[in-house]
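**Student:** Could you have a look at this structure, given as structure tokens, before my questions?
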Amino acid sequence: MPITFKELSHEYNLGTPFAYLALDHVSLAIPEGKVTAIIGETGSGKTTLVQHLNALLLPTGGELEVAGRTISSNEKPKHLKALRKDVGLVFQFPEYQLFEETIIKDVCFGPKNFGVDEETAVQLAEKYLRIVGIDESDFHKSPFDLSGGQKRRVAIAGILAMDPQVLVLDEPTAGLDPQGAKEMMQLFSRLNKEYGKTVLIVTHDMEHVLHYCDEVIVVADGHIREQCEVHEFFRSVELLKELKINPPAVIRLREELREKGFQIPDDMIDVEQLIDAVASEVKGHE
Amino acid sequence: MAKIQVCDISFSYDKETNAVEHVSFQIEAGSYTTIIGHNGSGKSTIAKLLIDLLEKDSGSIIVDGMELNDENIYTIRDKIGIVFQNPDNQFIGATVADDIAFGLENHQVASEAMEQIIQTYAKRVNMSRYLLSEPTHLSGGQKQRVAIAGVLAMAPQIMIFDEATSMLDPQGKAEINEMIQSIHRETGMTIISITHDIEEVSHSDHVIVMDQGHIVMDGKPEDILLREKELVALKLDIPFALKFTKGLQRKGISCRLCTTMEGAVEEVCRLHSKN
Amino acid sequence: MNNFALGKYMPLDSIIHRMDPRAKIGAMLLLMVAIFIPAGYIGYAVIAVLIITAVFLSKLRLNFIWRSVKPMMFMLLFLWIINVLVLRTGYVMFTVFGFKVYSDAIFQTLFIIIRLLLMIIVTTILTATTKPLELTLGIEDLLTPFKVIHVPAHEIAMMISIALRFIPTLIEETNRIIKAQTSRGVDLDEGTLKEKLMAILALIVPLFVSAFQRAEELANAMEARGYIPNRPRTRYKQLEMTFKDYVLLLLSTLILILNICIWKGFI
């Protein structure tokens with residue numbers, strides 16, 4: 001079942017002079033089993049949006065259906081904890097949530113909070129540490145001895161070990177080097193394809209959107225500005241301009257060449273296809 | 001003579017593995033140098049060694065003709081301004097004006113003279129409207145601009161940007177990159193930028209590539225960026241323009257290899273019109 | 001947090017806001033001493049007149065003053081009840097259910113309560129009309145004479161202002177860590193003692209790790225911008241005493257002298 005927002009609003013500091021409407025009657029259906037990118041400028045409401053998915057924030061109006069539950073403004077906190085097991089939310093710079101003596105203990109912390117017994121928790125932890133690419137020999141080391149990128153993997157394993165159906169990541173590649181970021185995105189892609197997780201990624205990086213995501217949701221000023229498939233999204237350059245988005249390199253080159261009179265279709269998003277198209281056009285003149 | 005001469009410096013954090021090992025390089029006065037390498041390759045360590053926030057274990061550093069030693073640390077620090085990665089952790093003052101004033105206070109600039117200097121540099125980074133704003137009300141990009149103003153106000157000869165854009169959103173990144181370029185253009189100051197942005201590298205005068213504490217490549221970007229195999233082996237990004245022009249060559253088109261987007265467009269248009 | 005008024009700065013524009021923080025701190029200290037002098041109702045009345053005038057001039061709303069006093073009200077009431085039960089001197093004022101209430105219990109406690117209230121209101125006026133940074137500058141200046149006996153006035157002021165600067169950042173960080181750990185199933189409200197301890201650990205450890213990192217980066221940034229501890233620095237923000245500041249100090253001094261005179265029986 002898809003994740004459905006129905007006329008959901010969220011207002012911070014409700015009833016005070018500092019009240020601020022961050023989400024304004026948002027209706028949205030996020031498909032299951034896909035990788036969906038959530039993009040938008042800083043302060044557009046994307047973080048507020050994703051924090052509703054595991055009920056860290058409750059709507060101040062409207063409702064949300066996720067993982068078989070309905071969340072509305074008067075939902076009792078008792079039912080919320082179980083939801084947090086089904087929807088894993090990875091915060092920005094998640095390495096700052098590590099606290100245990102060893103890596104394995106830290107990853108076990110989440111599942112154990114949800115009542116998983118010690119043995120199963122360790123099994124889950126080992127499984128997901130392997131998936132995120134941590135060496136078995138490191139499992140009993142302190143997480144604080146790892147490099148920044150490794151710490152982040154451990155933190156993500158800590159959420160995965162809760163075995164959520166839905167994985168939500170808030171700017172998971174911020175501060176990583178390009179190679180680290182690429183490996184991270186490949187990991188999410190794998191979690192989606194091999195393990196069937198529904199993945200939502202809040203990101204600013206259009207290269208990642210192009211190469212690793214299926215769908216795009218654009219949030220602007222507390223509204224959903226656009227929702228479509230990735231190849232559709234990079235087709236309309238006008239929209240990208242309007243949203244002040246710097247398109248991926250391949251789209252930038254495609255557009256520049258189109259302006260110079262090259263006959264390149266506007267739905268081309270693959271570099272090899274672009275090379276073929278340009279090559280045949282140049283050769284055609286020979 | 002070169003502005004900065006680094007001669008065979010080594011440094012280790014834990015006395016076991018060297019974070020920087022036998023590193024030597026030169027930076028010319030007025031040049032724009034980029035230093036690249038994956039996280040943990042030692043590039044930020046180099047920046048800290050240059051201003052003696054970390055003390056080298058061996059080797060020598062000569063800045064503006066002066067060899068760095070215990071006596072002249074402060075003189076050398078005055079010549080080099082540095083903007084760090086985290087916008088929050090380098091905002092010292094309570095407001096924008098106070099933060100720009102911080103360095104001036106250290107330099108014992110007279111109180112009466114400060115207002116003028118603060119206004120000049122706030123204007124330089126387009127933050128005049130925010131002089132009385134507190135950091136919690138500013139975006140990451142705005143905070144970095146304040147940090148740049150704070151450094152510029154101290155009139156350094158060399159500016160180092162230590163991954164100054166890596167924690168910013170695309171808009172902030174673009175703002176800061178544009179600012180670095182314009183500072184270089186207008187002041188002719190020596191700029192060193194530690195970065196992951198291959199586009200920025202292609203617009204610099206000089207690039208140094210680091211890996212595991214060593215310098216593995218050092219030269220002009222238009223030469224270095226063509227060394228695709230080595231860059232791939234170092235797990236670094238390849239300029240998109242290079243991927244594209246390489247692809248055209250594979251298709252049997254005799255085109256020149258390009259490292260910048262503008263170059264690639266120009267080259268393709270040239271081929272197109274020639275035929 | 002929003003209901004807590006004691007110690008909170010109110011960004012208004014008033015003559016009191018514009019006064020020199022040194023004068024305000026000085027006046028507060030003088031008035032504090034005056035409040036402690038047992039000068040009877042007349043003495044308190046004089047202080048109260050000055051304070052009420054100051055509240056009026058500061059444009060602070062009475063509701064704000066009330067909110068800063070309110071948390072103390074329960075304590076003051078409690079004090080009164082205890083004193084009524086314990087103090088059994090003076091004359092019997094009235095009898096409640098056969099329990100004799102003595103005059104000293106009523107009046108002595110009333111004095112204490114008036115003193116405490118006046119002190120709270122004086123402090124509230126100072127903190128509500130003076131930016132934390134200005135307070136720091138004021139404290140620095142007032143401490144400067146004590147440099148002779150090796151009080152590091154400037155370093156103290158620097159520490160206070162950095163602490164003030166980072167309080168909002170750390171609050172934000174704490175909220176983020178709470179949310180991140182809540183997402184990992186931490187429940188701060190329920191669970192056994194052991195679970196609660198773990199939950200607290202899960203918040204404290206990350207907060208400390210990041211605070212230490214911030215401290216290190218901040219120290220680097222300060223050094224890189226030429227900060228050398230114990231070296232003389234100039235100061236951007238200069239404080240300047242004007243006529244109104246001297247008037248405030250003069251009034252406060254006069255009140256103090258008046259109260260001493262009443263106390264010693266000169267008047």
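**Student:** Could you work out the per residue convex hull volume over the alpha carbons of the range C:1-82, in cubic angstrom? Before the final figure, lay out each step's value.
**Tutor:** Details: hull volume 9.8 nm³, N = 82.
Normalising the Cα hull of the range C:1-82 by residue number yields 119 Å³.
**Student:** Separate question: Just read off the accessible area of C:VAL49 with the full protein assembly in place, 1.4 Å probe, to the nearest 10 Å².
**Tutor:** C:VAL49 exposes around 90 Å² with every protein chain in place.
**Student:** Placing +1 on the Cβ of each Lys and Arg and -1 on the Cβ of each Asp and Glu in the protein assembly as shown, which of B:LEU152, B:LEU257, C:ILE120 has its Cα farthest towards the positive end of the resulting dipole?
**Tutor:** Projecting each Cα onto the dipole axis, the largest value belongs to C:ILE120.
**Student:** Further question: Ignoring everything but the protein chains, give the 1.4 Å probe accessible area of B:HIS184 in square angstrom, nearest 10.
**Tutor:** Result for B:HIS184: roughly 40 Å² accessible.
**Student:** Is there a quick way to get the dipole size of the protein assembly as shown? I mean about its Cα centre, with the Cβ of Lys and Arg at +1 and of Asp and Glu at -1; what is the value in debye to the nearest 20? Before the final figure, lay out the partial values.
**Tutor:** Values: 82 positive and 105 negative charges, 682 e Å.
Using only the charged Cβ atoms, the result is roughly 3280 debye.
**Student:** Let me ask you something else. Percentage of Cα-Cα pair distances in the range C:118-186 greater than 20 Å, rounded to whole percent?
**Tutor:** Values: 1245 of 2346 pairs.
The share of Cα pairs beyond 20 Å in the range C:118-186 comes to 53 percent.
**Student:** Using DSSP, restrict attention to beta bridges with both residues in chain A and report what percent are antiparallel, rounded to the nearest 5. Each step should come with its number before you reach the end.
**Tutor:** On the way: 21 of 38 bridges.
For chain A, the DSSP antiparallel bridge percentage is about 55.
**Student:** Right, here's the next one. If you take every DSSP beta bridge fully contained in the protein assembly as shown, what fraction is antiparallel? Give it as a percent rounded to 5.
**Tutor:** Just about 55 percent of them are antiparallel.
**Student:** If you don't mind, another one. Please identify, among A:ALA22, A:ALA125, A:ALA174, the residue showing maximal mean-square fluctuation in a Gaussian network model of chain A using a 10 angstrom Cα cutoff.
**Tutor:** Highest fluctuation among the options: A:ALA174.
**Student:** Could you tell me what percent of the accessible area of the range C:154-229 is made up of carbon and sulfur, with a 1.4 Å probe and every protein chain present? Can you show the working numbers first?
**Tutor:** Numbers: 2770 of 3910 Å².
Whole-percent figure for carbon plus sulfur exposure: 71.
**Student:** Something else about it: Under 5 Å between amide hydrogens, which residues at least 5 positions from A:ALA22 or on another chain qualify, with H placed 1.01 Å from N in the peptide plane?
**Tutor:** A:HIS10, A:GLU11, A:TYR12
**Student:** Here's another thing I want to ask about it. Please compute the net charge surrounding A:PHE262, taking Lys and Arg as +1 and Asp and Glu as -1 over other residues with Cβ under 12 Å from its Cβ.
**Tutor:** -2
**Student:** Taking the solvent-accessible surface of protein heavy atoms with a 1.4 Å probe, what is the per residue accessible area of the protein assembly as shown in Å²?
**Tutor:** Values: 38380 Å² over 828 residues.
It amounts to 46 Å² per residue over the protein assembly as shown.
**Student:** Now for a different question. Across 10 Å bins from the origin, how do the percents of Cα pairs in the range A:206-286 run, short distances first?
**Tutor:** Per 10 Å bin, starting at 0, the Cα pair percentages come out as 17, 48, 24, 9, 2, 0.
**Student:** State the volume of the convex hull built on the alpha-carbon positions of the range B:1-81, expressed per residue in Å³ and rounded to an integer.
**Tutor:** Working: hull volume 7.6 nm³, N = 81.
So the per-residue hull volume is 94 Å³.
**Student:** Given the convex hull over the Cα atoms of chain C, what projected area results after averaging over all orientations, in nm²?
**Tutor:** Values: hull surface 87.6 nm².
Mean projected area of the Cα convex hull: 21.9 nm².
**Student:** Under 5 Å between amide H atoms, partner at least 5 residues away or on a different chain: which partners does A:ILE217 have, H built in plane at 1.01 Å?
**Tutor:** Those lying under 5 Å, H to H, from A:ILE217 are A:ALA37, A:ILE38, A:ILE39.
**Student:** Here's another thing I want to ask about it. Summing +1 for each Lys or Arg and -1 for each Asp or Glu, what net charge is found among the other residues whose Cβ lies under 11 Å from the Cβ of C:ALA221? Before the final figure, lay out the partial values.
**Tutor:** Numbers: positive: C:ARG214, C:ARG225; negative: B:ASP88, B:ASP99, B:ASP162, C:GLU216, C:GLU217, C:GLU223.
Net charge in that neighbourhood comes out at -4.
**Student:** Label points 7 Å out from Cα along the Cβ direction at A:LYS260 and B:HIS22: separation in nm?
**Tutor:** Between A:LYS260 and B:HIS22, the label points sit 4.5 nm apart.
**Student:** Using a 10 Å cut-off around each Cβ of peptide A:37-44, what is the average number of partner chain Cβ atoms that fall inside?
**Tutor:** Working: counts 0, 0, 1, 0, 3, 8, 2, 0.
Per residue, the average neighbour count from other chains is 2.
**Student:** Give the value in nm², to one decimal: projected area of the alpha carbon convex hull of the range B:61-124, averaged over all directions. Walk me through the intermediate numbers first.
**Tutor:** Numbers: hull surface 23.3 nm².
The Cα convex hull of the range B:61-124, projected and averaged over all directions, gives 5.8 nm².
**Student:** Additional query: Could you give the Stokes-Einstein D for the range C:154-229 in µm² per second, using the C-alpha Kirkwood radius, 37 °C, 0.692 mPa s? Intermediate values should be presented prior to the final figure.
**Tutor:** Numbers: Rh = 14.4 Å.
Rounded, D is 228 µm²/s.
**Student:** Let me ask something else about it. Label points 7 Å out from Cα along the Cβ direction at C:GLU172 and B:CYS7: separation in nm?
**Tutor:** 4.6 nm
**Student:** Using the alpha-carbon centroid of each, what span in Å lies between the range C:125-159 and the range A:234-282?
**Tutor:** That distance is 61 Å.
**Student:** Using only alpha carbon positions, build the gyration tensor of the range C:188-267, then give the equivalent ellipsoid semi-axes as the square roots of 5 times its eigenvalues, largest first, whole angstrom. Write down the numbers at each step before the final one.
**Tutor:** Values: eigenvalues 488, 196, 23 Å².
After diagonalising the Cα gyration tensor, the semi-axes are 49, 31, 11 Å.
**Student:** Shifting gears a bit: For chains A and B, what's the summed buried accessible area, probe 1.4 Å, to the nearest 100 square angstrom?
**Tutor:** Details: alone 14160 and 13920 Å², together 25460 Å².
Buried surface at the A/B interface: approximately 2600 Å².
**Student:** Please compute the Kirkwood hydrodynamic radius over chain A, one decimal place, Å, based on all pairs of different Cα atoms.
**Tutor:** Details: mean 1/r = 0.0488 Å⁻¹.
After inverting the pairwise mean of 1/r, the radius is 20.5 Å.
**Student:** Let me check something: with ligands and nucleic acids excluded, how do C:CYS261, A:CYS108 order by accessible area (1.4 Å probe), largest to smallest?
**Tutor:** Working: C:CYS261 30, A:CYS108 5 Å².
Solvent-accessible surface, decreasing: C:CYS261, A:CYS108.
**Student:** Go through the range C:116-128 residue by residue and turn each phi into a ³J(HN,Hα) via Karplus (6.51, -1.76, 1.60, θ = phi - 60°); whole Hz please, and just put x for glycine and proline.
**Tutor:** Running phi through 6.51 cos²θ - 1.76 cosθ + 1.60 with θ = phi - 60° gives 4, 4, 4, 5, 4, 5, 4, 4, 4, 4, 4, 6, 6 Hz.
**Student:** Based on DSSP, what percent of beta bridges with both residues in the range A:116-270 are antiparallel, to the nearest 5?
**Tutor:** Antiparallel: roughly 55 percent of the beta bridges in the range A:116-270.
**Student:** Got the relative contact order for the range C:91-159 handy, in percent, Cα pairs under 8 Å and 6 or more residues apart?
**Tutor:** Relative contact order for the range C:91-159 comes out at 16 percent.
**Student:** Using just the alpha carbons, could you tell me how many Å³ per residue the convex hull of chain B encloses? Can you show the working numbers first?
**Tutor:** Numbers: hull volume 40.5 nm³, N = 275.
Looking at chain B, the number lands at 147 Å³ per residue.
**Student:** Taking only Cα atoms of the protein assembly as shown, what ratio of Rg to Rh do you get with Rh as the Kirkwood inverse-distance radius?
**Tutor:** Numbers: Rg = 32.1 Å, Rh = 31.0 Å.
The Rg/Rh ratio comes out at 1.03.
**Student:** Can you give the accessible area of C:TRP80, probe radius 1.4 Å, in Å² rounded to 10?
**Tutor:** Ignoring ligands and nucleic acids, C:TRP80 comes out at about 70 Å².
**Student:** Next question. Between chains A and C, what is the buried accessible area in Å², counting both sides, with a 1.4 Å probe and ligands, DNA and RNA left out, to the nearest 100?
**Tutor:** Values: alone 14160 and 17670 Å², together 29900 Å².
In total, chains A and C hide about 1900 Å² from solvent.
**Student:** Can you give the helix-only mean residue ellipticity at 222 nm for the protein assembly as shown, where every DSSP H stretch with n ≥ 4 adds -39500 (n - 2.57) and the sum goes over all residues, rounded to the nearest 500 deg cm²/dmol?
**Tutor:** On the way: 31 runs with 409 residues, N = 828.
So the helix-based figure for the protein assembly as shown works out to -15500 deg cm²/dmol.
**Student:** Determine the residues within the range B:138-176 where the difference in accessible area between the chain on its own and the full set of protein chains amounts to at least 40 Å²; count protein heavy atoms only and use a 1.4 Å probe.
**Tutor:** Those are B:ASP169, B:PRO170, which lose 40 Å² or more relative to the chain on its own.
**Student:** What is the sum of charges around B:ARG185, taking Lys and Arg as +1, Asp and Glu as -1, for the other residues whose C-beta is under 14 Å from the C-beta of B:ARG185? Can you show the working numbers first?
**Tutor:** On the way: positive: B:ARG124; negative: B:GLU178, B:GLU186, B:ASP205.
Summing Lys/Arg as +1 and Asp/Glu as -1 gives -2.
**Student:** Let me have the relative contact order for chain A, percent, based on Cα pairs under 8 Å that are six or more residues apart. Present the calculation step by step, with values, prior to reporting the outcome.
**Tutor:** Values: 492 pairs, mean separation 59.6, N = 286.
Value for chain A: 21 percent.
**Student:** Over chain C, calculate the relative contact order: mean separation of alpha carbon pairs under 8 Å at least 6 apart, over the residue count, as a percent.
**Tutor:** It rounds to 33 percent for chain C.
**Student:** For the range C:39-47, take each phi angle, set θ = phi - 60°, evaluate the Karplus expression 6.51 cos²θ - 1.76 cosθ + 1.60, and give the result in whole Hz per residue in order, putting x for glycine and proline.
**Tutor:** 10, x, 4, 4, x, 5, 4, 4, 4
**Student:** Size of the range A:144-211 along its principal axes in angstrom, Cα-based, largest extent first?
**Tutor:** Dimensions of the range A:144-211 along the principal axes of its Cα atoms: 29, 29, 18 Å.
**Student:** Using the Karplus equation 6.51 cos²θ - 1.76 cosθ + 1.60 (θ = phi - 60°), what ³J(HN,Hα) coupling, rounded to whole Hz, does each residue of the range B:117-130 give in order, writing x for Gly and Pro?
**Tutor:** 5, 4, 5, 4, 7, 5, 5, 4, 9, 6, 10, 4, 6, 10
**Student:** Additional query: Using modelled backbone amide H atoms (1.01 Å from N, in-plane), which distant-in-sequence or interchain residues come within less than 5 Å of A:LEU169's amide H?
**Tutor:** A:VAL90, A:LEU200, A:ILE201, A:VAL202
The values are calculated or read from the model by the stated rules, or taken from the named source; none is laboratory data. None of these values were measured; they are calculated from a predicted model. Because the Cβ atoms are built from the backbone with ideal geometry, glycine has one as well, and the counts that use them run over all protein chains shown. Just the protein is used for accessible areas: all its heavy atoms, side chains included, with ligands, DNA and RNA removed. Shrake-Rupley method; radii C 1.70, N 1.55, O 1.52, S 1.80 Å.
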